[in-house]
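Note sheet for the following structure.
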Amino acid sequence: MTFWNNPINFIGNWLTGLLTGWHLPVALATILLYIIGITVLIVFAMTLDIGLVWVERKVVARFQDRLGPNRIGPFGLIQPVADIIKMVIKEDITPAGADKIIYNIAPVLAATSVILLWAILPLASTIYGVDLNVGLLYIVAAGALGTLAIIMAGWSSNNKYALLGAFRMVSNMISYEIPMVIILLIPTILANTMSVQGITQAQSGMWFAILSPLALLIFVISAIAELGRSPFDLNEAESEIVAGFHIEYTGMKFGWFYAGELLHAFTFGGFMAILFFGGYGGFFGLEKLAAFGWLNIPFVQALVFITKAMIGYWVIMWVKYSVPRIRIDHMLAFNWKFLVPLALVVLVNTAVLNKVLIDLPGWLYVLGMFGSNIVIGFITVEILRAHGRKQRSLTPPSPQPLHPSGHMSQGERGV
Amino acid sequence: MTAEQIIFILTGALVLGSGLMVVTVRNLLHAALWLVASLFGVAILYAILQANFLAVVQVVVYIGAIAVLFIFAVMLTRRELMEKGRQTRPNRWLPALLGLLILSGLVVLILSVPGVENTAAALPAGLDTVRALGTALVSPDAYVVPFEVASVLMLAALVGAVYVATAEKK
Amino acid sequence: MQNEWLYIGIFLVIGIIVPVVPLVFARLVAPRKPNSIKQSTYECGIETVGESWVQFKAQYYIFALVFLVFDVESVFLFPWALTLKQLPLFVVLEGILFIGILVTGLVYAWRKGMLEWV
């Protein structure tokens, strides 16, 4: 085991040797090592978070055909530092009648629920926190803590708009959790394991995005809804209920909600990469060739992973800044009447076909899985078209046709 | 006193203490949040017992779904979130005596089980507990019938909830 | 095992400390001049009208209930999914039966109008 092959264990062993040489008991040395490793990982995540603030503002600016921050530092790179300093020195106003303890716990819980996800995120084959054998459900569990933080924030602010926003946001998040959990079953079936490392390594031959593109699509939609980003951001609808559940939060507390959301989005981009695009690996067997042996170095793998996560995050931002907001009843109807049945159909299809086709040669398997997804997608679109046609034929035609010059007829004007 | 025992005692204190707070605080929403703390303590207990799947499922289902349902129910039905009225009953000593008797009966019962003081055998290395659980749930000679019956039970719950909700609307 | 959950436990503790540190720092550094206008409830710049508790739609509760049933169902499906590779095809059919029973529940709720945001 060299430093390049297995950096964390190498450094860990060296430090353990050092500490036991200083007559520390092994258990204490292990705990100390854990603390150091965890702090490094969390600091890395937070630094990435600060960088994401810059990325978000530049990207939204480009989507809106403007420049974005470019005054502070080259290309505005120091802007996030200025933002953080601003947030820390702003006055912290607690509204009258707010429930102080819950009011203060909520932003911390929201940030913690996102940080917890980094414990199982595999940056490389040997750079990760832990490899839980129930990794996928752990992701859902961390999301559940986030839901709780939102209810706490909304209720403790003593503000009916905050409460309304929190209710809507939580209904949204829990509704879209169902297709997400059902879709998480698909990499489980395809890789035969729930551990995140196992799923990444099972994709070294073929990405799961190709084996099941519909699962990827449903996962992206549910992930965007879980994050509470546009087009599902009814809780933060600035024109409707003005910042929703975090209306009454100022300064760094609001900062944690905001930064937590960005980091959550990036982490979900990372999970998209892991579950469907091969994570830090997925080179279709290329890394086994001698010429591409450098693809196995952990630092290269970490770079590959961060790139894929950034691409996933960019897709999430792309959707956010291009699509208008969806109304709450449309959102929930879309979930319960379309996404959940579709997710169940894709699950059943994957389970049956995986069992039936597993013995066939590789390319036939891939073709079968991909083809079945295309067929399901086609049938779904046909059903939607028929439904749309029926809806359109039911709507009565408009009562008053416009005058040929474009104005309304004389009797209508001035009423 | 091994480290595991210390962690167990702390977690037990968390579960029992939070449980006590659930029934004594006046503010209903605080009670719901103490319930969340108690459920989280139970998840920690599952983790200590190496039941990974149950620990995460506890958080996902109990905290993520049931606690949220409780909080919704509390917030949607109560105008005032504070419990008014007396917290304690006038004749406290009779129920307290009863509780104490039941507790001592349970302790005697548990201690009389042979082998309860022995440490449990370690799980065989490499056993994937989730897969073993799955195999048990779907094997015809194991628990497949309760597995399917569980789905019928959930269907019954859903139908019941829908019926109650539509009955109220009329 | 012990190592995994110990790691996650320490991660949780440090994950709680890390957000708290800037908040404590902000409390030391930021100005604190509370007055009644700053602390009044925000309602788009005007005075609040009515109490801060409003009658909420019962529909939120119905959605939470349906979510609960489906959440438990999908959690049951995880151990099932892990056995598909080793065991023969009828295991898949058992799972399909499970899913089918719950889909009838969803269809029933749909037909009864429980999934409408009335």
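The numbers here are math on the coordinates, done by the rules we state, and not lab data. Here the structure is a predicted model, which means the values were calculated and not measured. Cβ sites come from the backbone with ideal geometry, for glycine too, and all protein chains shown count toward neighbours.
Residues of the stretch A:53-76 with backbone nitrogen within less than 17 Å of a virtual label 7 Å along the Cα-to-Cβ line of A:LEU303, please, listed as ranges. Label zone hits: none.
Taking each residue of B:124-137 in turn, how many C-beta atoms of other protein chains fall within 10 Å of its C-beta, and what is the average? Intermediate values should be presented prior to the final figure.
Values: counts 0, 0, 0, 0, 5, 4, 12, 9, 3, 5, 12, 7, 2, 10.
Mean partner shielding for this stretch: 5.
Look at where the Cα atoms of the stretch C:1-28 and of the stretch A:293-343 average out, and the two centres are 27 Å apart.
How charged is the neighbourhood of B:GLY99? Take every other residue with its Cβ under 15 Å from the Cβ of B:GLY99, and add Lys/Arg as +1 and Asp/Glu as -1. Can you show the working numbers first?
Numbers: positive: B:ARG89, B:ARG92; negative: none.
So the environment of B:GLY99 carries a net charge of +2.
Other residues with beta-carbon under 15 Å from the beta-carbon of B:ILE63 carry, at +1 per Lys or Arg and -1 per Asp or Glu, a net charge of -2. Taking amide H atoms as placed 1.01 Å from N in the peptide plane, the amide H of B:ASN27 lies under 5 Å from those of B:GLU83, each 5 or more residues away in sequence or on another chain. A simple rule links phi to the HN-Hα coupling: the Karplus curve 6.51 cos²θ - 1.76 cosθ + 1.60 with θ = phi - 60°, which for the stretch A:266-280 gives 5, 5, 5, x, x, 5, 4, 5, 5, 6, 10, 10, x, x, 7 Hz, with x for Gly and Pro. Put the Cα centre of the stretch A:31-103 next to the Cα centre of the stretch B:1-20 and the gap is 37 Å.
Which order, highest average first, do B:135-142, A:245-252 follow once you tally other Cβ atoms within 10 Å for each residue and take the mean per peptide? Can you show the working numbers first?
Numbers: B:135-142: 15.6, A:245-252: 24.2.
For the peptides B:135-142, A:245-252, the packing ranking is A:245-252, B:135-142.
The 3J(HN,Hα) values that the Karplus relation (6.51, -1.76, 1.60; θ = phi - 60°) gives for the stretch B:157-163 are, in residue order, 4, 5, 4, x, 4, 4, 5 Hz. Gly and Pro appear as x. Scalar couplings 3J(HN,Hα) for the stretch C:70-86, obtained by applying the Karplus form with A = 6.51, B = -1.76, C = 1.60 to θ = phi - 60°, are 6, 5, 4, 4, 5, 5, 4, 6, 5, x, 4, 5, 6, 9, 5, 6, 7 Hz; x denotes Gly and Pro. Note on A:ASP329 and A:HIS387: their simple-model spin labels are 1.6 nm apart, each label 7 Å out from Cα toward Cβ.
Order by neighbour count: A:PHE370, C:PHE67, fewest other Cβ atoms within 10 Å first, most last. Write down the numbers at each step before the final one.
Details: A:PHE370 17, C:PHE67 23.
Ordered by Cβ neighbours within 10 Å, fewest first: A:PHE370, C:PHE67.
Count, for each residue of C:97-104, the Cβ atoms from other chains sitting within 10 Å of its Cβ, then give me the mean as a whole number. List each step's numbers first, then the result.
Working: counts 4, 9, 7, 3, 8, 6, 6, 4.
That works out to 6 on average.
For the segment A:108-115, counting C-beta atoms of other chains within 10 Å of every residue's C-beta and taking the mean gives 5.
I'd like to compare B:32-41, A:130-139: which one has the highest average count of other Cβ atoms within 10 Å, and what's the full order after that? Walk me through the intermediate numbers first.
Numbers: B:32-41: 20.9, A:130-139: 22.8.
Ranking, from highest mean packing down: A:130-139, B:32-41.
Sorted largest first, the spans of the alpha carbon positions of the protein assembly as shown along the three principal axes are 94, 76, 63 Å. Please identify which residues in the stretch A:271-306 have an amide N closer than 19 Å to a label point set 7 Å out from the Cα of A:PHE44, following the Cα→Cβ vector. A:271-275, A:278-282, A:295-306, by backbone N distance to the label point. Approximating the spin labels as points 7 Å out from Cα along Cα→Cβ, the B:ALA136-to-A:LYS86 distance works out to 5.6 nm. Bridging of C:LYS112 to lysines at a Cα separation below 16 Å is possible for A:LYS337, B:LYS169, B:LYS170, once same-chain residues fewer than 8 apart are set aside. For the stretch A:1-26 versus the stretch B:22-70, the spacing of their alpha-carbon centroids is 37 Å.
What order do you get for A:196-204, B:44-52 when each peptide is scored by the mean count of other beta carbon atoms within 10 Å, highest first? The partial results should precede the final answer.
Details: A:196-204: 21.8, B:44-52: 19.4.
Ranked from most to least packed, the peptides come out as A:196-204, B:44-52.
Note on B:LEU123 and B:SER104: their simple-model spin labels are 3.9 nm apart, each label 7 Å out from Cα toward Cβ.
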